[in-house]
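Worksheet: the structure to be examined is printed underneath.
Derivation of every value follows stated rules applied to the coordinates shown; laboratory data play no part. Worth saying up front: this structure is predicted, and the values here are computed from it rather than measured. Cβ placement follows ideal geometry from the backbone for every residue including glycine, while neighbour counts extend to all protein chains displayed.
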Amino acid sequence: MTPKKVLWQALSVCCLALPAFSFAQSVEKGPIVVQGAMPIEAEHFAARLDNPKEEQIGGWRFWRGTIDGYPVVVSETLKGMSNSAAATAIAATQFKPAAFINQGTAGGHDPALNVYDIVLGKYSVNLGAFKTPHKLKGEGSDSTQWKPMDLLASKGSAGEDKNPHTIRKFPADPQLLSVAESVKGTYGKGKVVQGGIGSADIWDSELDRISHFHNEYQTSAEEMETASAAQVAAQFNVPFIGIRVLSNNITNNGKYDPKTGLACQDYVYQVVKAYIAKIESAKK
């Protein structure tokens, strides 16, 4: 074999090894952070950690422990966009995480989904950032006429941005999404689908408004935390995914069931174990 061929084969082997090496390097930074807004969405998962230690930072609770020997932090973010963003920033600076998984309950936007179905958020969107059209007094208000306002579009006035009125989407990390898909067979309480997760400090019960979001922005479910956590995680360049279980769905009369939060944590536990296995395999 000629020296050139030997060099080419060596380079080819190196290139083939790069994805695994790159993934291993990217996840050696710190723990996996699992977020839940309320005690019912966090404590069940925290109880499954090995050697958990609880700590308080400001108004937020965190539990440090391990799963299969790998460090995991459970974060109780508290409810709402501001709380979730703050908890994510705290976790990013205090723990230097390898990944964020924001999980919990949500209300359904898609009539084809039922209570206990799980949405793997291939992206999340902020359903509270909109610009209203100019209307005179007495002309009323119609939220379906409001246009998305991209708060990250420029450094100028958000209200004066000449954007195309497309909603900002925060995509899931492809590796996390792939791993979350890979454990679908472990879940027996409903379907597991990919979809859009909408977030805002609003509790929507208007079916026309919900239908508008579902049709315009392809939202499968809505809650109050994922998009803000995703936005902050992106600023810190930390891989992120949102995973939400439908606790109710008024588009098809699906009644609220608080036990769905436990089911979601059990599913996310399988996601974390599979992600850890991928990390360990990439290191070899």
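A few comments on the model shown:
- Checking every one of the GluC sites (Glu not before Pro) in the range 106-185 against DSSP loop status and a limit of 16 other Cβ atoms within 10 Å picks out GLU139.
- Counting 0.36 nm for each residue step from GLU181 to ASP208 and taking away their Cα separation leaves a gain of 6.6 nm.
- Rh (Kirkwood; distinct C-alpha pairs) - the range 211-276, Å: 14.0
- Sparsely packed chymotrypsin sites (Phe, Trp or Tyr not before Pro) within the range 228-279, loop by DSSP, other Cβ within 10 Å at most 13: TYR256
- Helix 226-235 axis, angle to the chain major axis (alpha carbon atoms, nearest 10°): 50
- Fraction of alpha-carbon pairs over 21 Å apart in the range 124-193 - percent: 51
- With a cut-off of 14 Å between beta carbons, the residues surrounding SER178 carry a summed charge of +1, where Lys and Arg count +1 and Asp and Glu -1.
- Helix-only CD estimate at 222 nm, as mean residue ellipticity for the chain, using -39500 (n - 2.57) per DSSP H run (n ≥ 4): -11500 deg cm²/dmol
- Helix 207-217 vs. the chain, principal-axis angle (Cα, 0 to 90°, nearest 10): 40
- Per-residue Karplus couplings for the range 44-54, computed as 6.51 cos²θ - 1.76 cosθ + 1.60 with θ equal to phi - 60°, are listed in order as 4, 5, 4, 5, 8, 6, 7, 6, x, 10, 8 Hz, Gly and Pro entered as x.
- Antiparallel bridge percentage (DSSP; both residues within the chain; nearest 5): 45
- Charge sum, other residues only, whose C-beta stays under 14 Å from ASN126's C-beta, Lys/Arg counted +1 and Asp/Glu -1: -3
- Here the gap between GLU55 and THR93, fully extended at 0.36 nm per residue and compared with their Cα-Cα distance, gives a gain of 12.2 nm.
- Whole-number Å³ per residue for the convex hull built on Cα positions in the range 114-162: 128
- At full extension, ASP68 and ASN237 could sit 58.3 nm farther apart than now, given 0.36 nm per residue minus the alpha carbon distance.
- Annotation: amide H of HIS109 within the under-5 Å range of ALA221, GLU222, sequence separation 5 or more or interchain, hydrogens built in the peptide plane.
- Total formal charge among the other residues, if their Cβ is under 9 angstrom from that of THR144, Lys/Arg +1 and Asp/Glu -1: -2
- Quotient of C-alpha Rg and 2.2 N^0.38 Å, computed over the chain: 1.10
- 3J(HN,Hα) from dihedral phi, the range 273-284, Karplus parametrisation 6.51/-1.76/1.60, rounded to Hz, x for glycine, proline: 4, 5, 5, 4, 4, 5, 4, 5, 5, 5, 6, 6
- Look at the alpha carbon pairs under 8 Å that are at least 6 residues apart: their mean separation over the length of the chain gives a relative contact order of 27 percent.
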